[in-house]
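Peer 1: This is the structure I want to talk about, given as structure tokens.
The values are calculated or read from the model by the stated rules, or taken from the named source; none is laboratory data. The shown structure was predicted, so the numbers you read here are calculated from the model rather than taken from an experiment. Cβ: placed from backbone, ideal geometry, glycine included. Neighbour counts: every protein chain shown.
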Amino acid sequence: MLKAILFDLDGTLHNRPESLVTFFRDQCERFSMNVDLNRFVELDNEGVRWKDEVYEQLVKEYKLPLNPQQLLADYVTQFPKFAQLYTDVEHTLEQLKAKDYKLGIISNGKRGFNVLCSIL
């Protein structure tokens with residue numbers, strides 16, 4: 001009998017809200033942006049709104065002397081470095097692997113942008 005478990009990525013394995021906040025604080029520091037974190041999170045809308053629109057809106061609202069595409073490119077390349085798992089995810093997955101379960105991730109996130117596939 002084949003034993004397999006599929007996990008949704010964001011909200012199950014990946015603590016996306018915490019990862020996003022940590023990333024954006026770092027991005028603001030690196031780009032010397034004085035942008036309200038809550039506004040960024042609001043515009044992000046739990047990942048429903050893609051970042052090209054988010055950054056265009058932030059540049060407009062805060063009159064930032066930055067190119068939204070530059071910020072988007074930074075997000076795409078840097079955000080995975082800030083990915084955080086929920087507590088005990090690694091331990092749980094290791095236990096399941098030890099019992100010979102096949103593990104997989106599903107996500108409705110942007111294709112090619114899943115940040116945690118290596119944990120399986």
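Peer 1: If I go through the stretch 55-113 residue by residue, how many of them are farther than 22 Å from residue 38 by Cβ, among the hydrophobic types (A, V, I, L, M, F, W, C) and within 18 Å of the chain's Cα centre (by Cα)?
Peer 2: Residues flagged as farther than 22 Å from residue 38 by Cβ, among the hydrophobic types (A, V, I, L, M, F, W, C) and within 18 Å of the chain's Cα centre (by Cα) within the stretch 55-113 amount to 7.
Peer 1: Which residues, taken from the stretch 67-120, are within 19 Å of residue 44 (Cβ to Cβ), of a type in the set (D, E, K, R) and either at pLDDT below 90 or touching a Leu at 6+ places or on another chain (Cβ under 9 Å) (or both)?
Peer 2: Passing the criteria: 110, 111.
Peer 1: Can you tell which of 58, 2 is among the aliphatic types (A, V, I, L, M) and either closer than 16 Å to residue 84 by Cβ or surrounded by 12 or more Cβ atoms within 10 Å (Cβ to Cβ) (or both)?
Peer 2: 58
Peer 1: Considering only residues that are assigned to a helix (DSSP H, G or I) and aromatic (Phe, Trp, Tyr), which ones fall in the stretch 1-33?
Peer 2: 23, 24
Let's see how each residue does on (1) without any contact (Cβ under 8 Å) to a residue 24 or more places away in the chain; (2) exposed (fewer than 12 other Cβ atoms within 10 Å of the Cβ):
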position: 18; (1), (2): no, no
position: 22; (1), (2): no, no
position: 26; (1), (2): no, no
position: 39; (1), (2): yes, no
position: 45; (1), (2): yes, yes
position: 53; (1), (2): yes, no
position: 73; (1), (2): yes, no
position: 78; (1), (2): no, no
position: 84; (1), (2): no, no
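Peer 1: Moving on. Which number in (1) more than 21 Å from residue 92 (Cα to Cα); (2) touching a residue at least 40 places away in the same chain (Cβ under 8 Å); (3) small (Gly, Ala, Ser); (4) surrounded by fewer than 13 Cβ atoms within 10 Å (Cβ to Cβ) marks the one condition that residue 32 misses?
Peer 2: Condition (2) is where residue 32 drops out.
Peer 1: Quick check on the stretch 34-56. Is at least one of its residues out of contact with any strand residue (DSSP E or B) (no Cβ under 7 Å at 6 or more places or on another chain), under 30 Å from residue 1 (Cα atoms) and assigned to a loop (DSSP other than H, G, I, E, B)?
Peer 2: So far as the stretch 34-56 goes, no, none of its residues is out of contact with any strand residue (DSSP E or B) (no Cβ under 7 Å at 6 or more places or on another chain), under 30 Å from residue 1 (Cα atoms) and assigned to a loop (DSSP other than H, G, I, E, B).
Peer 1: Now, a different point. Listed residues 61, 56, 94, 90; which is over 18 Å from residue 10 (Cα atoms) and touching a helix residue (DSSP H, G or I) at 6+ places or on another chain (Cβ under 7 Å)?
Peer 2: One residue alone meets the criteria, 56.
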